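Asks: So that we are looking at the same thing, I have put the structure below in structure tokens.
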Amino acid sequence: MADAQACAARVERFRALMAERGYDAAILRNNPDLRWLTGAERTFDDEVAHTAFVTADGLWLHTDSRYYGTFQSRLGADTPWKLDMDIVSPAWWAAQRIRETRSRVVAVEDTCDLAFFDALGEECAKASVAVLTPRLHGDIAGLRIVKDAEEVELMRHAQSITDAAFEHICGYIKPGLTEQQVRAELEGWMLSNGADSLSFDSIIASGPNGANPHAQPGERVIQRGDMIVMDYGAGYHDYHSDMTRTVCVGEPSDLQRKVYEATRAANEACEAAIHAGVIGREIHELAHKVICEAGFPEYCFVHGLGHGVGLEIHEQPMFNMRNDKPIPAGSVITVEPGTYLPGQFGVRVEDFGIVTENGYEVFTQSPHELVCTPC
């Protein structure tokens, strides 16, 4: 059941933003935002099947019969949300809430598709309702940057499953297996040992495939001497974990070990430098500096160093070259430098954790030392 106290605090944070902006109401259809506000875990899927209407003193949620019973169970009898599954269009339903509450400035989430937005205008016109519909411009995503205690605990738990999966898969990997076989074993193990979903499609990239940061696992057969980049995570009650480790099948070459240690050093230097108020771009630049000074400037990663994690696997804030904003305390964010040698191999070492006033508390417990699997 939803944590009523945590959800009430989230709703109040959103209502404070509405008051500051002069909104009478807001219409929300983005599933991660609805999950954050309602607390209805394991209820949302990939369909845009729900519409929320929020005012200063009311909460309405429209869904359909496929989800209604689950919402009732998750929200509980004392929920402040007025739930219905009337067989009407979402736009008509929202227009009726606007009319009933006499709202005149109604913010619409910018993730809503144009078909809904246009239909809302048409339904308001039919009801002879005059209304302004400014866009929210990702405001709830901004509120979601700072995680509360419940969110942090769910992500810690998800990461504990991810860490255990790493220990398991290191004992499974051997020459002769394909990348797909390793992926199937890894994901199946997580789902059999506490995960209720996967954070994303796992990356298992061996040998030269590891030089492609988002390589998809295929039929390549793992060989002795391969470096294998494994980027994966367990989902738990809709929250995500995210970790990358690179292992070697057998003993690494001198070059492989040198590249690995440079990448690891970049990860650890950045984690030591993170604290509330640090500029995202500066941490990204620090990782580049470490890898370049280690002798690999032409192979240093060009993707972002890190991203927020929560109800979505990629959230705000970011450690990248475009982020000149300070990172607030309470952000949960990854640190994932990589070094990629085209045609040879790649290395990436990724942790995730929470930014505090005094530093960076890492959730990931898997070792940073290079793991060499038996041949």
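The values are calculated or read from the model by the stated rules, or taken from the named source; none is laboratory data. Keep in mind that what you see is a predicted model, and the values were worked out from it rather than measured. Neighbour counts are summed over all protein chains in view; Cβ atoms, including those assigned to glycine, are modelled from backbone coordinates with ideal geometry. Side chains included, ligands, DNA and RNA excluded: accessible areas come from the protein's heavy atoms. Shrake-Rupley method; radii C 1.70, N 1.55, O 1.52, S 1.80 Å.
Asks: Within the accessible area of the chain, what % is carbon and sulfur when the probe is 1.4 Å and the other protein chains stay in place? Spell out each step's value before the answer.
Replies: Working: 8030 of 15730 Å².
Its accessible area is 51 percent carbon and sulfur atoms.
Asks: Right, next: Ranked highest first by the average count of other Cβ atoms within 10 Å around their residues, in what order do 41-51, 146-156, 235-245, 21-31 fall?
Replies: Working: 41-51: 16.0, 146-156: 18.5, 235-245: 25.0, 21-31: 20.5.
Put in order of decreasing packing, that is 235-245, 21-31, 146-156, 41-51.
Asks: Also, quick follow-up: I'd like the Karplus ³J(HN,Hα) series for region 120-128: coefficients 6.51, -1.76, 1.60, θ = phi - 60°, whole numbers in Hz, and an x wherever there's a Gly or Pro.
Replies: For region 120-128, the Karplus-derived couplings read 4, x, 5, 5, 5, 5, 4, 8, 6 Hz, x marking Gly and Pro.
Asks: Quick one: the Cα spread of the chain along its three principal axes, in angstroms, biggest first?
Replies: 74, 40, 35
Asks: Follow-up question, since we're still on this one. Over region 218-328, what is the mean sequence separation of C-alpha contacts under 8 Å (at least six apart), divided by residue count, expressed as relative contact order in percent?
Replies: Details: 155 pairs, mean separation 27.8, N = 111.
About 25 percent, as a whole number.
Asks: Ranked from highest to lowest mean number of other Cβ atoms within 10 Å per residue, what is the order of the peptides 174-187, 343-356? Working shown, then result.
Replies: On the way: 174-187: 17.3, 343-356: 22.8.
Top to bottom by mean Cβ count within 10 Å: 343-356, 174-187.
Asks: Just the number, please: percent antiparallel of the DSSP beta bridges in the chain, rounded to the nearest 5.
Replies: Roughly 80 percent of the beta bridges in the chain run antiparallel, per DSSP.
Asks: Return the sequence-ordered ³J(HN,Hα) values of region 62-74 in whole Hz as given by the Karplus equation 6.51 cos²θ - 1.76 cosθ + 1.60 applied to θ = phi - 60°, using x for Gly and Pro.
Replies: 9, 9, 10, 5, 5, 10, 4, x, 5, 4, 4, 5, 6
Asks: Ignoring everything except DSSP H segments at least 4 long, calculate the 222 nm mean residue ellipticity for the chain; use -39,500 (n - 2.57) per segment, divide by total residues, nearest 500. List each step's numbers first, then the result.
Replies: On the way: 10 runs with 139 residues, N = 375.
So the helix-based figure for the chain works out to -12000 deg cm²/dmol.
Asks: Quote the relative contact order of region 67-185 in percent (integer), defining contacts as alpha-carbon pairs under 8 Å separated by 6+ residues. Show your work: numbers first, answer last.
Replies: Details: 57 pairs, mean separation 24.3, N = 119.
The value is 20 percent.
Asks: With unit charges on the beta carbon (Lys/Arg positive, Asp/Glu negative), name the residue among Cys7, Ala184, Ile291 whose Cα is farthest towards the positive pole of the charge dipole of the chain.
Replies: So the residue we want is Cys7.
Asks: A further question follows. Rounded to the nearest 0.05, what FRET efficiency do Ile279 and Asp201 have when you use their Cβ-Cβ distance and R0 = 35 Å? Mind showing how you got there, number by number?
Replies: Working: r = 32 Å, r/R0 = 0.91.
The computed FRET efficiency comes out at 0.65.
Asks: Can you give the angle from 0 to 90° between the axis of helix 90-101 and the longest principal axis of the chain, with both taken from C-alpha atoms, to the nearest 10?
Replies: 50 degrees
Asks: Under the rule of at least 5 residues apart or a separate chain, name every residue whose amide H is placed under 5 Å from the amide H of Val108.
Replies: Answer set, sorted by chain and number: Ile27, Arg135, Leu136.
Asks: Roughly what angle does helix 280-293 make with the longest principal axis of the chain, taking Cα atoms, 0 to 90 degrees, to the nearest 10?
Replies: Between the helix axis and the principal axis of the chain, the angle is about 10 degrees.
Asks: Using θ = phi - 60° and the Karplus relation 6.51 cos²θ - 1.76 cosθ + 1.60, list the HN-Hα couplings for region 220-225 in order, rounded to whole Hz, with x at every Gly or Pro.
Replies: With the stated coefficients, region 220-225 comes to 4, 8, 5, 10, 4, x Hz.
Asks: Once amide H atoms are built 1.01 Å from N in the peptide plane, which residues 5 or more positions from Ser331, or in another chain, come under 5 Å H to H?
Replies: So Ser331 has HN proximity to Lys147, Val355.
Asks: On to the next question. How many Å² of accessible area per residue for the chain, probe 1.4 Å? Walk me through the numbers before you get to the answer.
Replies: Details: 15730 Å² over 375 residues.
So the chain comes to 42 Å² accessible per residue, rounded to a whole number.
Asks: Rounded to the nearest 20 Debye, what is the dipole magnitude of the chain about its Cα centre when Lys and Arg each give +1 and Asp and Glu each give -1 at the C-beta?
Replies: So the magnitude is around 460 debye.
Asks: Cα gyration tensor of region 197-350, axes a ≥ b ≥ c as square roots of the eigenvalues: rounded (a/c below 1.5), prolate (a/b > b/c) or oblate? Write out the running numbers ahead of the final one.
Replies: Numbers: a/c = 2.31, a/b = 1.28, b/c = 1.81.
Judged from the Cα gyration tensor, region 197-350 comes out oblate (a/c at least 1.5, b/c at or above a/b).
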